[in-house]
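Below is one structure, written out as C-alpha cells; the observations come after it.
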Amino acid sequence: MKTTVLIVEDEREIRSFLEPELRHEGYGTATAVNGEQALERFRAGGIDLVLLDILLPGISGIEVLRRIRRQSDVPVIMLTARNATYDKVSALDQGADDYLVKPFEIEELLARMRAALRKRKQKLRPMTFEDIALDPDARSVKVSGEEVELSAKEFDLLRLLMENQGVVLSRDRIVDRIWGADYVGDQKVVDVYVRHLRTKLDDPFGRTYITTVRGVGYTMKRQSGYEDS
Ligand code: CA
C-alpha cells in the first residue's frame with residue numbers, strides 16, 4: 001500500500017512543487033490549504049505522514065499539530081519560512097518529529113521523511129515484557145496468549161511503561177506523555193490508571209508486572225528468572 005502524505009501549505013507555489021515530487025517518489029498525496037481543512041482531511045484517515053506549514057491562515061500549524069497529537073502519533077514534519085527558535089521549540093515540544101526551514105532542498109525533505117517513517121515503523125514493532133505481548137499497530141495486548149481488553153489510555157500507559165522497561169517513570173513524565181503537556185488535572189490520574197492495569201493484568205494472572213517506586217513513580221522491571229529474549 002502507498003504511503004500517503006498530507007501536505008498542509010497555504011502557498012500554492014510550494015504545494016505545486018511538493019505534490020509532483022512526492023508522487024514521483026512513489027508517495028500518495030493529499031493537500032490542505034489551511035488548518036481546518038488539514039484536520040478534516042486527517043480525521044478522514046489514511047494519512048501516514050504530515051508535512052505541516054506553521055504559518056497558516058486561521059488556526060496555526062502548531063495548533064493543528066496539538067490537535068493531531070491528541071489522537072495520533074503519525075509522523076509530522078513542520079515547515080516554516082521563518083528560522084525562529086520559538087517556532088522550532090514549540091513545534092518539537094508539541095510532538096513534531098522534525099522541522100525544516102523553507103526554502104529547502106527536496107532531497108533533504110525526502111531524507112527526513114524516510115527517517116521519520118522509519119522511526120514510526122520501529123515504534124510500531126510488537127514488544128514483550130515477561131509474558132505480556134503488546135502490538136502497537138493492532139493495539140492489542142495478550143498475557144500468556146490470552147487477549148486482555150484495555151481502554152485507550154490504559155493501553156497507552158502500558159505501552160509507555162513497556163517501551164521504557166527498567167526505567168522509572170515519574171508521574172509527571174507519564175502525565176506529560178499520555179495526557180499531554182497542557183493537562184491541568186491531578187497527577188493522581190496516573191495512580192488510578194496503574195490500578196486499572198493491575199486489576200486487568202496482575203490480579204487475573206497472579207503477577208506483579210508494574211512496580212511502584214515510592215516517591216518517584218512506576219516501572220516495569222524484569223524479575224529475576226526471566227531472560228531477555
Ligand atoms: Ca504559510
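The values are calculated or read from the model by the stated rules, or taken from the named source; none is laboratory data. Treat the numbers as computed from the prediction; the structure is a model and nothing was measured. For neighbour counting, all protein chains shown are included, and Cβ atoms are generated from backbone atoms with ideal geometry for every residue, glycine included. Side chains included, ligands, DNA and RNA excluded: accessible areas come from the protein's heavy atoms. Shrake-Rupley method; radii C 1.70, N 1.55, O 1.52, S 1.80 Å.
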Along principal axes, largest first, the alpha-carbon spread of segment 1-114 in whole Å comes out as 33, 30, 24
Excluding residues fewer than 8 positions from Lys142 in its own chain, the lysines with Cα under 21 Å of it are Lys121, Lys123, Lys153, Lys200, Lys221
Segment 1-110 accessible area per residue, 1.4 Å probe, protein heavy atoms, integer Å², reads 50
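In whole percent, and with a 1.4 Å probe on the protein chains, what portion of the accessible area of segment 83-180 is carbon and sulfur? Don't skip to the end; give the middle numbers.
Values: 2420 of 5280 Å².
Summing carbon and sulfur atoms, their accessible area is 46 percent of the total for segment 83-180.
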Once Glu25 and Ala152 are pulled to full extension, the length gained, defined as 0.36 nm per residue separation minus their Cα-Cα distance, is 42.2 nm
Length-normalised contact order of segment 108-229, Cα under 8 Å, at least 6 apart, in percent, tallies to 22
Karplus-derived 3J(HN,Hα) from phi for segment 92-101 (6.51 cos²θ - 1.76 cosθ + 1.60, θ = phi - 60°), whole Hz, x at Gly and Pro, runs 5, 4, 7, x, 5, 7, 7, 8, 9, 8
HN-Hα couplings for segment 198-211 via Karplus (6.51, -1.76, 1.60; θ = phi - 60°), in whole Hz with x for Gly/Pro, come out as 5, 5, 8, 9, 6, 4, x, 9, x, 10, 10, 8, 9, 9
Of the convex hull enclosing the alpha-carbon atoms of the chain, the direction-averaged projected area in nm² is 14.4
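Explain nothing, just the number: relative contact order of segment 1-153, from Cα pairs under 8 Å at least 6 residues apart, as a whole percent. Intermediate results must be reported in sequence, preceding the final value.
Working: 231 pairs, mean separation 23.6, N = 153.
Here the relative contact order equals 15 percent.
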The correct ranking of Met1, Met220 by accessible area at 1.4 Å, largest first, is Met1, Met220
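Given the chain, what percent of its DSSP beta bridges are antiparallel, to the nearest 5? List each step's numbers first, then the result.
On the way: 15 of 32 bridges.
Taking every DSSP beta bridge with both residues in the chain, the antiparallel ones total about 45 percent.
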Note: Gln165 to Glu107 extended length (0.36 nm per residue) minus current alpha-carbon separation gives 17.2 nm
FRET efficiency for Glu13 and Val216 from the Cβ-Cβ distance with R0 = 41 Å, rounded to 0.05, comes out at 0.20
